[in-house]
Amino acid sequence: MQENNVQEAKNLTQGNVLSTLLKFAVPVLLAMFLQALYGGVDLLVVGQFGTTQDVSGVSTGSMLLHTLTSLIIGLTMGVTVFVGQKIGEGKPDDAGKAIGTGIVLFSILGLLISALTIIFTKQLATLMHAPKEAFVQTCHYIQVCGAGLIFIVFYNLLGAIFRGIGDSKTPLITVAIACVVNIIADLIFVAVFNLGAFGAALATILAQALSVIFSLLIIIKKTKTVKLPFNFHRKYIKLDSYFIRVELKIGTPIALQDFLVGISFLVIQTVVNSLGLIASAGVGVAEKVCGFIMLIPSAISQSLSAFVAQNIGAGLLKRAKLSLKSGIGISLAMACFIGTFSFFRGDILASIFSKDLDVIASGHMYLKAYAIDTFLTSFMFCFIGYFNGMGKTFFTMIQGLIGGIAIRIPMVFIMKSLP
């Protein structure tokens, strides 16, 4: 029984490439979908039971939260790739030490980011040009989510560890339970108690906290019944300079790339906020839809990172390259359907998150342009996942800098100057 479970955790180096990648990617996709529902349900419930000010506040606040989460996910990819490589190399002790170092490192990081977000809440809302009508709601959302950032950090760290050992099902289970809690809490706090953006943020953090608790309980249960593909002892939970250096070397370029891309989208939201409440809410709604649209290439990218890392560690370079072709094929096939629907009927998607006809029209206008991007990201995200899995994260950082900073931000201001 134990041998079968160990084999299951390491099966990314065996079997048909396409079917193995799909089998691993589907739980990753579903977990990401449910995680995206945190912010999506916040906006959906607020859009139906709150005010346009609440919609704008959640839109702006969740954009900032998404940027910080992207930074965290990027850094945790260092753990995913390193652990995956060590398992592929057959070094379970090194994999365990990498996990122990990651726990301490991200605990410190989470507390630091949380403190800074709470202290500078008003400055962040001002920096993002939150509309004055929605300034209070924006501050409420940022401050509450900032207080619970430590849970977001640990959720993503645990997910990174599971993916590194080839287990994409456990994060799916924990996030599914937490998502149900978030939906129920949103309806209670927003629809029943009319807490608006504050209630939506409270529901999000409560759900994230429960996802961490469930993850830890599952880990404890697994260690008693299943032989995991890594060795772990309490003495491994410490700041080891070698493992810190390697994890940050892999994760920092990914985090910097994702963070700067997030910053570029924050600039878009900031510029749009200056155009008024309707534009702010409209783009916020559209960006929430875009977050769901991009889940498939994002899931394939994360899956490729774990898949390639294990196969590179095992010396299976040809298999790793074949997984890239499979990933692009899957992403492109889905983009043909999703991109076309978003372009022609984006109003239906926008109406899910708002009942205001002007906000829906504004969101659809944004989605028409974004629909084209779905075809391009089918290639880009897969290449990013492939190179991240190989440990060549500096390369992916450079392309992120070029696309996010050198192109997107200047184009935003050029477009703003046009009628």
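The values are calculated or read from the model by the stated rules, or taken from the named source; none is laboratory data. Computed from a predicted model, the values in this text were never measured in an experiment. Positions of Cβ are backbone-derived with ideal geometry, glycine not excepted, and every protein chain shown enters the neighbour counts. These area figures cover heavy atoms from the full protein model, side chains too; ligands, DNA and RNA do not enter into them. Shrake-Rupley method; radii C 1.70, N 1.55, O 1.52, S 1.80 Å.
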Using a cut-off of under 13 Å, list every residue of segment 202-245 whose amide N is near the label point 7 Å from the Cα of Ser107 along the Cα-to-beta-carbon line. 234-240
Any idea what the relative contact order of segment 285-419 is, in percent, if you count C-alpha pairs under 8 Å spaced at least 6 apart? 37 percent
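Which whole-number percent gives the relative contact order of segment 249-333, counting Cα pairs below 8 Å spaced six or more residues apart?
18 percent
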At 7 Å along the Cα-to-beta-carbon direction for both Asp93 and Met365, put a label point, then send me their distance in nm to one decimal. 6.4 nm
Probe 1.4 Å, all protein chains in place: accessible area of Phe214 in Å², nearest 10? 60 Å²
With every protein chain in place, the accessible area of Met390 for a 1.4 Å probe, in Å² rounded to the nearest 10, comes to 50 Å²
If I take R0 = 30 Å and measure r between the Cβ atoms of Ile244 and Ile173 in this structure, what FRET efficiency does the formula 1/(1 + (r/R0)^6) give, to the nearest 0.05? 0.50
With point charges of +1 on the Cβ of Lys and Arg and -1 on the Cβ of Asp and Glu, referenced to the Cα centre of segment 277-419, which listed residue (Leu277, Gly329, Tyr366) lies farthest in the positive direction of the dipole? Gly329
How large is the accessible surface per residue of the chain, computed with a 1.4 Å probe and reported in Å² as a whole number? 42 Å²
Mean separation of Cα contacts under 8 Å (at least 6 apart) over the residue count of the chain, i.e. the relative contact order in percent, is 28 percent
Spacing of the two label points (7 Å from each Cα toward its C-beta) at Lys227 and Leu376, in nm: 5.0 nm
Which value, in debye to the nearest 20, gives the size of the charge dipole of the chain about its Cα centre, when Lys and Arg are +1 and Asp and Glu are -1 at the Cβ? 1200 debye
Using the eigenvalues of the Cα gyration tensor, what equivalent ellipsoid semi-axes result for the chain when each is taken as the square root of five times the eigenvalue, whole Å, largest first? 35, 24, 20
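Students sometimes get this wrong: rank Leu112, Leu34 by accessible area, probe 1.4 Å, all chains present, largest first.
Leu112, Leu34
Once a ≥ b ≥ c are taken as the square roots of the eigenvalues of the Cα gyration tensor of segment 367-419, is the result rounded (a/c under 1.5), prolate (a/b larger than b/c) or oblate (a/b not larger than b/c)?
Judged from the Cα gyration tensor, segment 367-419 comes out oblate (a/c at least 1.5, b/c at or above a/b).
What shape does segment 205-244 take by its C-alpha gyration tensor, where a ≥ b ≥ c are the square roots of the eigenvalues and a/c under 1.5 counts as rounded, a/b above b/c as prolate, and the rest as oblate?
Working: a/c = 3.09, a/b = 1.27, b/c = 2.43.
It is oblate, given that a/c is not under 1.5 and a/b is not larger than b/c.
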Need the C-alpha centroid separation for segment 141-181 versus segment 274-330, integer Å. 17 Å
Taking the inverse of the average 1/r across all pairs of different Cα atoms in segment 286-419, what Kirkwood radius in Å do you get? 16.3 Å
Starting from the Kirkwood Rh over alpha-carbon pairs, what translational D in µm² s⁻¹ does segment 100-210 have by Stokes-Einstein at 4 °C and 1.567 mPa s? 85 µm²/s
Given a 1.4 Å probe and the protein chains all in place, what does the accessible area of Phe394 round to, in Å² to the nearest 10? 130 Å²
